[in-house]
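All remarks here apply to the structure that follows.
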Amino acid sequence: MRLYPLIRPLAFAFDAETAHRLTIRALKLMPPRRPPDFPASLGIRVAGIDFPTPVGLAAGFDKDAEVPRQMLSQGFGFVEVGTLTPRPQDGNPKPRLFRLSEDGAVINRLGFNNAGQAAAHRRLHEAMRRPGIVGVNIGANKDSADRIADYVAGVRAMAPVAKYLTINISSPNTPGLRQLQDEGALKALLEAVKEARPENGPPIFLKVAPDLGDGEPDQIVRVAIEHGVDAIIVANTTVSRPLLKSRFASEPGGLSGRPLKGLALNALRDFRSALGGQIPLIGVGGIATADDAWERIRAGASLIQLYSAMVYEGPGIARHIASGLAARLKREGIGNISELVGTA
């Protein structure tokens with residue numbers, strides 16, 4: 001946290017996507033270290049996995065699974081790579097990634113740019129042999145004639161190298177993808193995913209959008225429970241535009257970071273209300289401090305993820321939030337973070 005403020009002006013001298021690629025290259029040069037030890041009070045079991053801390057890295061940063069071990073060594077309790085599609089794809093035309101510094105936000109319309117699941121599989125096979133929890137976020141190719149078949153292919157290909165799999169149907173940057181959140185389409189998708197998941201395969205998580213209408217969380221929850229989804233990630237980026245200061249405010253794409261906080265928190269509360277605790281929730285969107293994480297956990301999240309805040313605060317933010325959570329647990333006499341979940 002102390003070093004990053006010195007580096008940030010250099011990173012911000014480049015456009016957002018160039019800075020991101022340079023960051024990945026720099027991390028690849030770092031010899032990966034063993035993940036740090038965390039206080040026992042932060043350990044939590046979700047979907048049969050023992051997480052050393054509830055603070056994780058959201059999908060989108062390490063799209064091609066190039067640096068999961070390096071990010072674990074930075075203090076993330078778990079890392080989600082991807083989104084990975086069956087075939088490589090370039091994504092949408094550039095420019096497609098924008099820093100909204102005045103708003104503490106990011107807008108992206110990347111469009112699942114990645115080198116494909118086969119390329120990532122080799123790196124993940126090696127990562128699975130090391131300590132740490134690495135989940136894999138899978139999606140469908142933009143030009144796919146059968147998107148459900150793409151998810152089936154992703155489950156089959158990536159299950160052997162993932163601690164958990166996330167079914168991403170909530171990106172706003174692949175046309176029509178969010179229609180898979182509709183009840184009928186979601187039933188067909190999750191039934192196919194359930195059949196494709198190998199026996200004793202990794203847990204299946206579902207990532208949803210924050211831009212849902214009345215009753216939609218209840219529909220998604222019914223289908224998720226029926227098909228044995230192990231956790232729901234709430235939420236992806238938003239296509240809505242709250243009042244923003246940046247000159248990039250009108251750029252199309254998914255908005256993340258500080259302006260998403262209220263919307264993502266309300267979406268989490270809606271899903272908590274609909275679920276009644278039957279499926280664990282993972283909170284994402286606008287989390288930048290230990291207080292943000294505390295609020296999201298009290299609202300029902302067993303785990304939290306972040307990405308955009310790291311753009312502004314550096315990778316040390318994960319360890320900083322974890323330390324803040326541990327200190328507050330001790331201060332308030334709470335033995336374990338699991339006791340806090342859903343207490344709001």
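Listing for the model above:
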read-out: Cross-chain or 6+ apart pairs with Cβ under 8 Å, segment 60-71 first and touching a residue at least 60 places away in the same chain (Cβ under 8 Å) and within 19 Å of residue 86 (Cβ to Cβ), then surrounded by fewer than 24 Cβ atoms within 10 Å (Cβ to Cβ) and among the charged types (D, E, K, R); value: 65/123
read-out: Residue check for residue 209: more than 19 Å from the chain's Cα centre (by Cα), crowded, with 19+ Cβ neighbours inside 10 Å and either modelled with pLDDT of 95 or more or not β-branched (Val, Ile, Thr) (or both); value: no
read-out: Considering residues of segment 143-180 that are of a type in the set (Lys, Arg) and at pLDDT below 95 only, the residue farthest from residue 207 (Cα to Cα); value: 147
read-out: Residue among 222, 241 that is assigned to a helix (DSSP H, G or I) and either of a type in the set (D, E, K, R) or surrounded by fewer than 16 Cβ atoms within 10 Å (Cβ to Cβ) (or both); value: 222
read-out: Which listed residue, of 113, 137, 141, 168, is over 26 Å from residue 55 (Cα atoms) and either crowded, with 21+ Cβ neighbours inside 10 Å or in contact (Cβ under 8 Å) with a residue 12 or more places away in the chain (or both); value: 141
read-out: Residue list for segment 75-110, filter: of a type in the set (Asp, Glu) and touching a residue at least 24 places away in the same chain (Cβ under 8 Å); value: 80, 102, 103
read-out: Residue satisfying condition, being buried (at least 18 other Cβ atoms within 10 Å of the Cβ), farther than 22 Å from residue 49 by Cα and in contact (Cβ under 8 Å) with a residue 40 or more places away in the chain, within set 290, 249, 299, 318; value: 249
read-out: Matching entry among 334, 279, 287 (being β-branched (Val, Ile, Thr), over 28 Å from residue 220 (Cβ atoms), part of a loop (DSSP other than H, G, I, E, B) and out of contact with any Phe, Trp or Tyr (no Cβ under 7 Å at 6 or more places or on another chain)); value: 334
read-out: Selection status of residue 200, polar (S, T, N, Q) and surrounded by fewer than 15 Cβ atoms within 10 Å (Cβ to Cβ); value: yes
read-out: Flag if residue 267 is of a type in the set (Gly, Ala, Ser), touching a residue at least 12 places away in the same chain (Cβ under 8 Å), under 18 Å from residue 46 (Cα atoms) and assigned to a helix (DSSP H, G or I); value: no
read-out: Residues that are under 22 Å from residue 108 (Cα atoms) and of a type in the set (Val, Ile, Thr), drawn from segment 290-340; value: 304, 311, 317
read-out: Output for segment 70-89, where each listed residue is part of a helix (DSSP H, G or I) and either crowded, with 24+ Cβ neighbours inside 10 Å or under 13 Å from the mean Cα position of the chain (by Cα) (or both); value: 71, 72
read-out: Qualifying residue in segment 304-316 (condition: among the small types (Gly, Ala, Ser) and within 15 Å of the chain's Cα centre (by Cα)); value: yes
read-out: Which numbered condition residue 262 misses (of (1) over 23 Å from residue 151 (Cα atoms); (2) among the small types (Gly, Ala, Ser); (3) part of a loop (DSSP other than H, G, I, E, B); (4) out of contact with any strand residue (DSSP E or B) (no Cβ under 7 Å at 6 or more places or on another chain)); value: (3)
read-out: Selected residue (criterion: modelled with the highest pLDDT) from residues of segment 126-142 that are out of contact with any Ser or Thr (no Cβ under 9 Å at 6 or more places or on another chain) and assigned to a loop (DSSP other than H, G, I, E, B); value: 133
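To keep it simple, each residue is scored yes or no on (1) touching a strand residue (DSSP E or B) at 6+ places or on another chain (Cβ under 9 Å); (2) among the small types (Gly, Ala, Ser); (3) buried (at least 17 other Cβ atoms within 10 Å of the Cβ).
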| residue | (1), (2), (3) |
| --- | --- |
| 19 | yes, yes, yes |
| 23 | no, no, yes |
| 57 | yes, no, yes |
| 68 | yes, no, yes |
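The values are calculated or read from the model by the stated rules, or taken from the named source; none is laboratory data. Bear in mind that the values here come from a model prediction, so they are computed numbers and not experimental data. When we count neighbours, we look across all protein chains shown, and the Cβ atoms used for this are built from the backbone with ideal geometry, even at glycine.
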